[in-house]
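Please treat every number below as a calculation from the coordinates, not as lab data. The structure presented is a predicted model; accordingly, all values stated were derived computationally and were not measured. All Cβ positions, glycine included, derive from the backbone under ideal geometry; neighbour counts span all protein chains shown.
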Amino acid sequence: MQDDVETICQTACDAIRRRRVARLTYDPSTVPRLIEAHALGVSAGGELFLFAWQHLGSSSSGAHAGWKTFLIRRIRSLSLDENAKFPGPRPDYRAGWHGLAEILCEISE
């Protein structure tokens, strides 16, 4: 079953605020990905995106770890790992460089 957009956005903001590692599945893959969510927002074209550091999982780019931008409507499920917390923004993260026109939630120092 696919999570609805509102639930995914709420979970993403919770992950950002509480600095919890999250597990997501991203269409069309069924392989889970582990991420540190850093920003959720709306693009200039009106699409919702999640910007995150991916630790583990599949990727169409072939790079399994690194910065990823996830289109919210393609996220099938998103859940928090209550036992896995990350310390804060990655050292190379810069607020605003994800190119989102409107920020709904974003990690801070």
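Multiply the residue separation of VAL5 and ASP27 by 0.36 nm, subtract the distance between their alpha-carbon atoms, and state the gained length in nm to one decimal. Could you put the intermediate results ahead of the total?
Values: separation 22, 0.36 × 22 = 7.92 nm, distance 1.37 nm.
Length difference between fully extended and current span is 6.5 nm.
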Open item on the list: Going by amide H atoms built from the backbone, whose H comes under 5 Å of the H on HIS38, apart from near neighbours?
Closed with: PHE51, ALA52, TRP53
Open item on the list: Rounded to the nearest 20 debye, what is the charge dipole size of segment 5-106 about its Cα centre when +1 sits on each Lys and Arg Cβ and -1 on each Asp and Glu Cβ?
Closed with: 220
- [ ] Pull out the extension gain between ASN83 and HIS55, defined as 0.36 nm times the separation in residues minus the alpha carbon to alpha carbon distance; nm, one decimal.
- [x] 8.5 nm
Task: Calculated [θ] (222 nm, deg cm²/dmol) that DSSP helices of n ≥ 4 give over the chain, each run adding -39,500 (n - 2.57) - done: -4000 deg cm²/dmol
Open item on the list: Restricted to Cα positions, what overall size does the chain have along the principal axes? Three whole-Å values, descending.
Closed with: 33, 32, 27
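Would you please give the FRET efficiency between ALA44 and GLU109, computed as 1/(1 + (r/R0)^6) with r the Cβ-Cβ distance and R0 = 22 Å, to the nearest 0.05? Walk me through the intermediate numbers first.
Numbers: r = 27 Å, r/R0 = 1.22.
Efficiency, rounded to the nearest 0.05: 0.25.
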Task: GNM result for the chain, Cα springs below 10 Å: residue of ARG76, ARG94, ARG19 fluctuating most strongly - done: ARG94
- [ ] For the chain, just give the cysteines left without a disulfide-compatible partner, judged by no other Cys Cβ under 4.7 Å.
- [x] CYS9
